[in-house]
């Protein structure tokens, strides 16, 4: 269950990260997406994490398109921030250098500009510094995945990460989402469905069918309240998460909030692009946006279930959204609930014990054991429901 705090490494203070981490842990998140460096080559501001426009600098020469002049003090501070996340059981999803929009869109594609050899060397440095603790490597982000830096960095991580922690690519919304699909170092592919406030779960189904098989997820649905106060708010985020999961995004679900991902210091801080900003909110206000509760709950609802090898299924029940591990586990999501018909004609696919859960609260609204293989699961309907069939 991933949350998006791209700018945390170079904008947040230790005190702020403690507040952030406590909130996300309490809501059920277990991972945080972060840009390891501020990627905008034209961004200007003081080296002060408490000042408007301020940010810390990881490489003195990144503004010139290079990764040679490393700032040790920056990484010592990042060590402390990642340690706080670890104390709250939040795994850092570390992106080396962005290939797309970046922070403010001020030539934020530095990851597609720096020489591939320098990019690969920096990936090796991240493995050496952070690879002994739980980590996820997001070797490409917001690009096509075909940038030479991505393949160079992924191969370098594959060579040096002795723990073989997950390594993958996060794409721009207009990409094919299958670059490096056959690479041994590639473990997952994350699409991005853009920020128009639209549900696009078919993108996950398309990715899930690619071969060789890799884990897939939507790494960037619409940010809550990004640019417009009523965009992608509240339960929109919960419906998005369950729809993506059932469409094949079984690596997990990801949430993002406007003003939080940029780590806007306060509700009046200037200099951020209006399209992505949650008006009248800084990072602290955005932390409380309603939608984050529903995405975090996905992990709590699924906790302890044998979810390995789940695959999309819409044949075994009368739900258009389902996941099946034959004979072990069946999960269905219905946005309006109601009686769920089961079509287990062989009696070997769907366990008979079931629970019905309100995904907005995590409350169990019904439970029982079906006496026949094609018996329905009862529910009054009228509200979102998750159905879990599991004998364990």
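No value in this document is a laboratory result; all are computed from the given coordinates. Computed from a prediction, not measured in an experiment: that's the story for all the values here. Using ideal geometry, Cβ is built from the backbone for each residue, glycine included, and neighbour counts are taken over all protein chains shown.
Points worth noting:
- Taking a ≥ b ≥ c as the square roots of the eigenvalues of the alpha carbon gyration tensor, segment 190-328 is prolate, as a/c is not under 1.5 and a/b beats b/c.
- Legend: calculated FRET efficiency, residue 376 to residue 288, from the Cβ-Cβ distance at R0 = 30 Å, rounded to 0.05, equals 0.15.
- Proxy reagent accessibility, fewest Cβ within 10 Å first, across 310, 207: 310, 207
- Sequence of 260, 287 once ranked by neighbouring C-beta atoms within 10 Å, starting from the fewest: 287, 260
- The ranking of 89, 269 by Cβ neighbour count inside 10 Å, starting from the fewest, reads 89, 269.
- Overall form of segment 71-201 per C-alpha gyration tensor (a/c, 1.5; a/b vs b/c): rounded
- Rounded, prolate or oblate (a/c below 1.5 giving rounded, otherwise prolate when a/b exceeds b/c) for segment 12-54 by Cα gyration tensor: oblate
- Calculated log₁₀ intensity ratio I(q)/I(0) where the Debye formula runs over C-alpha points of segment 194-243, q = 0.12, 0.24, 0.32 Å⁻¹: -0.30, -0.87, -1.25
- Rg over Rh for segment 325-392 works out to 0.95, both radii taken from alpha-carbon positions and Rh defined as the Kirkwood radius.
- Radius of gyration and Dmax over the Cα atoms of segment 1-100, both given in Å: 13.5, 41
- With the simple model of a label 7 Å out from the Cα in the direction of the Cβ, residue 87 to residue 267 spans 2.9 nm.
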